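As structure tokens, the structure follows; a few thoughts come after it.
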Amino acid sequence: MKIFATPTKRQSVIECLVLLVVALVLRVWYVGKTDLGGDESFSLYMALQTVPDLVRMLCQGDNPPLWELLLHFWVRVFGISEVAIRSLSVVFSVLTVVPLYLAGEKYIHRWTGIAASLLYCFSTFSIYMAHECRVYSLIGFCTASSILLFLSIVHHPKTYKIILLTLVNLMLMYGHYLSVWIIVMEFLIALGVKPVRQKIWKPYLIHAAALILLFAPMFPVLFTRFFDSGVNGTWIAKTTSPEALYDFLWRMCNVPVTTVLAIGILAASFVMLIINVVRKQFSFGAVSILSLLWMVPLLASFVLSYFTGFFLDRYFYFLFPVFYLSLMAYCLYLFPKRKVWGLSLMTVFVVVMALSCSPDSSTKRFSGWHSEIRPIVNQLVEAKEKENALVILPECFDKQFTYYLDEHHEAFLTQSQPTNYYVFHDYLCQAGYYYDYNYAEADLNRYSEVIFPYHKMMPIEGLKAYLENAGFHLESEVDANPYCVCRFTR
């Protein structure tokens, strides 16, 4: 049938351009609607440092410096409005379509590339990541590019491909520590699977050696962070139920109906695999590589998350492109002699994903979703104008509050040197606001009203008890998820 014919180069370019337009429209539609999130304000703060300070500060913590380095130069051209800083995420999110489409079109099937790209375009969570000024869209793009290059090297090893793969994988490593899963899996496939090893083991060892050498400065930090997280845990709760795995698949599939359909496709593909192995009809190819690249990291991380908490949807966003490619490849795999049936299954999945897509990120309730900060800031500013009102802020609220309190963002743009991490604390304390670490310094006898917001994940019970002992009682507690705004009066 003509629909299954190999596309010409012109057709491939047109298809890719159409997919780019679809991805762009869905991602720019509501990009500036939500208020700046706490993690976004952290990235913005880091991006406004000098390059040496930025690298020094980030290399001491949980975040490799690549994203903030890119943002550092981006904001100097486009400014620091919500749309400006998020546009960098939009760019990488949209560009992810290109390697995703090409990987499917070249190494599986034309319609696999188209369908997988459409799933990505209509993925509600992917759109959310495009509206988040954080590293995740960049990591999604690098993962899709790494997959494309790895498959290309397996089929036709070339020196320039090895160089490109080294650059892309280096970006993965300097972008997010958990994305090292992709590199580890590629390494295991390249040297552990005989048909692949016979083709590429020599150039791949050179690639691996180059990665180790270029990432060597970060190995002590990587080891420390992984060891510390494994022993002491993280702010994320440990997994306690298989439901967490279902929830992750739900993130990938928008709604329960597509999630259940995806699970059905996965189960049927596994049964088909067993049958083919028994019949000795199994051959290790692109679909097998893709399956290993997303299944092993996901399942291994899920099991490990029972021992230490780190299984968070956005942390594993880099698996989304691989999952979409694999899922659409399985549709054809299930019907080797009736491709029309496989195409029909793909179409059903894409249509449901399109109908369930929510490009308005203000409606999303994923981890780290953006609350409405401006109304809270306005409420606190109004309270602060009263002589008898004391406003106390949580320490984690400093950058968000300052961003919307300071209309021209002067506190961000004119940070003191050398770098002062508490510049926003100082700015707000000078304006008369107190923090949850120095509220005891306030003369409560001057006030008859105390107002403070707190994050639901970090309640400040000590402050409540302190106020009650000082003769205050809780007058109201307004839910502004994920924050609550409390008002105490005498």
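The values are calculated or read from the model by the stated rules, or taken from the named source; none is laboratory data. Note that the coordinates shown come from a computational prediction; the quantities given were computed from them, not determined experimentally. Here the Cβ is made from the backbone with ideal geometry for all residues, glycine too, and neighbour counts use every protein chain on show.
Here are a few things to note about the model shown:
- Checking Val450 against (1) farther than 16 Å from Asn378 by Cα; (2) in contact (Cβ under 8 Å) with a residue 60 or more places away in the chain, the condition it does not meet: (1)
- Enumeration of residues in region 247-272 that are more than 16 Å from Leu332 (Cα to Cα) and touching a helix residue (DSSP H, G or I) at 6+ places or on another chain (Cβ under 7 Å): Phe248, Leu249, Trp250, Arg251, Met252, Cys253, Asn254, Pro256, Val257, Thr258, Thr259
- Evaluating Ser448 against the criteria (1) surrounded by 14 or more Cβ atoms within 10 Å (Cβ to Cβ); (2) modelled with pLDDT under 85 leaves one unmet condition, (2).
- Selection within region 351-392 - without any contact (Cβ under 8 Å) to a residue 24 or more places away in the chain and within 17 Å of His455 (Cβ to Cβ): Arg365
- Here His425 meets each of (1) assigned to a helix (DSSP H, G or I); (2) within 24 Å of Gly368 (Cβ to Cβ); (3) at pLDDT 85 or above with one exception, condition (3).
- Residue in region 387-404 that is hydroxyl-bearing (Ser, Thr, Tyr), over 27 Å from the mean Cα position of the chain (by Cα) and either farther than 30 Å from Gly309 by Cβ or in a helix (DSSP H, G or I) (or both) present: no
- When region 56-71 is filtered for residues that are crowded, with 19+ Cβ neighbours inside 10 Å and modelled with pLDDT of 85 or more, the ones remaining, listed by number, are Pro64, Pro65, Leu66, Trp67, Glu68, Leu71.
- Residues satisfying the criterion are absent from region 181-192 (criterion: touching a Cys at 6+ places or on another chain (Cβ under 9 Å), among the small types (Gly, Ala, Ser) and crowded, with 18+ Cβ neighbours inside 10 Å).
- One residue stands out among those in region 323-357 that are closer than 22 Å to Leu26 by Cα and of a type in the set (S, T, N, Q): the one that is surrounded by the most Cβ atoms within 10 Å (Cβ to Cβ), which is Ser356.
- Some residue of region 152-164 being in contact with a His (Cβ under 9 Å, 6 or more places away or on another chain), free of Cβ contacts under 8 Å to residues at least 12 places away in the same chain and assigned to a helix (DSSP H, G or I): yes
- Among the residues of region 231-255, those identified as assigned to a helix (DSSP H, G or I) and under 21 Å from the mean Cα position of the chain (by Cα) are Glu243, Ala244, Leu245, Tyr246, Asp247, Phe248, Leu249, Trp250, Arg251, Met252, Cys253.
- Residue within region 361-383 that is within 19 Å of Val478 (Cα to Cα), of a type in the set (A, V, I, L, M, F, W, C), modelled with pLDDT of 85 or more and in contact with a Lys or Arg (Cβ under 9 Å, 6 or more places away or on another chain) present: yes
- Residue in region 24-33 that is without any contact (Cβ under 8 Å) to a residue 40 or more places away in the chain, surrounded by fewer than 19 Cβ atoms within 10 Å (Cβ to Cβ), out of contact with any Ser or Thr (no Cβ under 6 Å at 6 or more places or on another chain) and of a type in the set (Val, Ile, Thr) present: yes
- Flag if Thr50 is among the polar types (S, T, N, Q) and more than 27 Å from Ser123 (Cα to Cα): yes
- Criterion (within 23 Å of Phe307 (Cα to Cα) and part of a helix (DSSP H, G or I)) met by exactly one of Leu205, Leu222: Leu222
- Options Pro394, Pro375, Pro359; residue that is under 30 Å from Ile265 (Cα atoms) and not aromatic (Phe, Trp, Tyr): Pro359
- So Ala383, is it touching a helix residue (DSSP H, G or I) at 6+ places or on another chain (Cβ under 8 Å) and either β-branched (Val, Ile, Thr) or part of a helix (DSSP H, G or I) (or both): no
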